[in-house]
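The values are calculated or read from the model by the stated rules, or taken from the named source; none is laboratory data. Note that the structure is predicted; figures quoted are calculated from it, not measured. Here Cβ is always computed from backbone atoms with ideal geometry, including for glycine, and neighbour counts include all displayed protein chains. Keep in mind that these areas ignore ligands, DNA and RNA; they rest on the heavy atoms of the full protein, side chains included. Shrake-Rupley method; radii C 1.70, N 1.55, O 1.52, S 1.80 Å.
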Amino acid sequence: MSTSSDFSSNKMWGGRFAEGPDAIMEAINASIGYDRRMAPQDIEGSRAHAAMLAAQGIITDTDAKAIREGLLTVLSEIEGGTFNFSTALEDIHMNVEARLTEIVGPAAGRLHTARSRNDQVALDFRMWVRDQCDAAIDALPRLMRALVAQAESGADWVMPGFTHLQTAQPVTWGHHMLAYVEMFGRDLSRFEDARKRMNECPLGTAALAGTSFPIDRDMTAAALRFDRPAANSLDAVADRDFALEFLSASSICAMHLSRLAEELVIWSSAQFRFVRLSDRWSTGSSIMPQKRNPDAAELLRAKIGRIFGAQTALLMVMKGLPLTYSKDMQEDKEQVFDAADSLMLALAAMTGMVGDMMGQKDNLEAAASSGFSTATDLADWLVREAGLPFRDAHHATGALVKMAEDAGIDLPDLTLDQMQSVNDKITAGVFDVLGVHNSVASRTSYGGTAPENVRAQVARWKESLA
């Protein structure tokens, strides 16, 4: 099949133009190369509009039925790959209407009553972005459950906690995994909040001022699963906040994904050996047979930049536009489409990597026991048991760290006599806090790394994500 040759851009614009557009103008003006992705939303919106027009007596039931059935035929052709998209018809809206005209005849021309392409594209794009929010809201809990499973299996595994990527204090593997659960939990709430704010229907606001036809905007809003119709026609056609908010939530989520990807890259290296990524998420080298490269994590880390770029690009498009619609706003979609694709791919890849990865318990514990990671426990003990002011305890602990470092040993390997040479109030009880397991077990304050805390938080998240 083909779109009607006489349904040209000239006819679309009406009698104001005597000639068709220049070929270059046609190329820069057309968006069908990418906005065809909104075909399901466009057709759903048009079917709801036709039903409302008939219910209000604006068009006949016969025409509405023909339009609605014809639109389903168009959708089946698009989904089946037999639809011929035309650049001359600019966008998805006119491509659909042209084919509908071929299928049902003049009745198709009544579909655009009380509607403009301005509110039509605002509707289609808003519905598409809403669907992407739903996809993120569905995908994030899968990743969070994979992290919770890792936390549960390693609730009492010890590993080094880092600041400045330097060993700081021992923590538990489960606590580290749950840190990302908290991050992605906030991301989930951001997408949920964004969805609530965007769920207002712009359909029926027409070009910018509303319409004189007796339309029922509540009917179309309900049919398209919106909470309410948008209250201001100018804002409804000019608003792209919903896309910017989706990109903002996506950017923060992507940043969290990139931080975790970076840790997986570091942790899977021969220098750390904290995790082993499965063969499904690793690649080899064409020349070095020993290599296991964390390519999935590295590619994920790189793709995040596309999402950040999309947000900046759309902000630049919108920042100087007076109300209401300007053709600049045609440039609102490609970057959002790309960002949504990148986000969903990154979420799926990270869920797979986390689900398959194997924490290396012995290596984690060995690393936790090095780097004087229990120095803070020693300082706390001096305050709690020896009665030293914290600054004095801090100074004494620093001296003991230097002593151990000069001797090439760790703090627990110092003798009691050596420790007492720095402060005579130190007793043998100090050795109870110098082991990494004792250290993490003592961190029972709410939000702390103690295994009992981790297990409580695992239970909370499992219930929340059930």
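Candidates are the residues of region 179-205 that are open to solvent by 10 Å² or more (accessible area, probe 1.4 Å) and of a type in the set (A, V, I, L, M); the one that is nearest to residue 244 (Cα to Cα) is 188.
Table: residues versus (1) surrounded by fewer than 22 Cβ atoms within 10 Å (Cβ to Cβ); (2) within 30 Å of residue 31 (Cβ to Cβ); (3) not assigned by the TED database to the domain that holds residue 243.
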{"residue": "131", "(1), (2), (3)": "yes, yes, no"}
{"residue": "160", "(1), (2), (3)": "no, no, no"}
{"residue": "165", "(1), (2), (3)": "yes, no, no"}
{"residue": "169", "(1), (2), (3)": "yes, no, no"}
{"residue": "174", "(1), (2), (3)": "no, no, no"}
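Residues that are open to solvent by less than 30 Å² (accessible area, probe 1.4 Å) and in contact (Cβ under 8 Å) with a residue 60 or more places away in the chain do occur in region 289-312. When we screen 362, 377, 338, 328 for residues that are open to solvent by 40 Å² or more (accessible area, probe 1.4 Å) and at pLDDT below 95, the only hit is 328. Taken over region 385-428, the criterion of being over 25 Å from residue 366 (Cβ atoms) and of a type in the set (Asp, Glu) is satisfied by 385, 392, 417, 424.
Cβ-Cβ contacts under 8 Å between residues 6 or more apart (or on different chains), taken from a first residue in region 45-57 that is free of Cβ contacts under 8 Å to residues at least 12 places away in the same chain and open to solvent by less than 20 Å² (accessible area, probe 1.4 Å) to a second residue that is of a type outside the set (A, V, I, L, M) and outside any helix (DSSP H, G or I), are listed as 54/60. From the list 246, 242, the lone residue that is in contact with a Cys (Cβ under 8 Å, 6 or more places away or on another chain), within 26 Å of residue 346 (Cα to Cα), open to solvent by less than 70 Å² (accessible area, probe 1.4 Å) and in a helix (DSSP H, G or I) is 246. Evaluate region 71-80: report whether one residue or more is touching a residue at least 40 places away in the same chain (Cβ under 8 Å), open to solvent by 20 Å² or more (accessible area, probe 1.4 Å) and more than 39 Å from the chain's Cα centre (by Cα). Checked against the condition, which is being touching a residue at least 40 places away in the same chain (Cβ under 8 Å), open to solvent by 20 Å² or more (accessible area, probe 1.4 Å) and more than 39 Å from the chain's Cα centre (by Cα), region 71-80 yields no hits at all. Kindly establish whether residue 16 is modelled with pLDDT of 60 or more, open to solvent by 60 Å² or more (accessible area, probe 1.4 Å) and part of a loop (DSSP other than H, G, I, E, B). Against the criterion (modelled with pLDDT of 60 or more, open to solvent by 60 Å² or more (accessible area, probe 1.4 Å) and part of a loop (DSSP other than H, G, I, E, B)), residue 16 qualifies.
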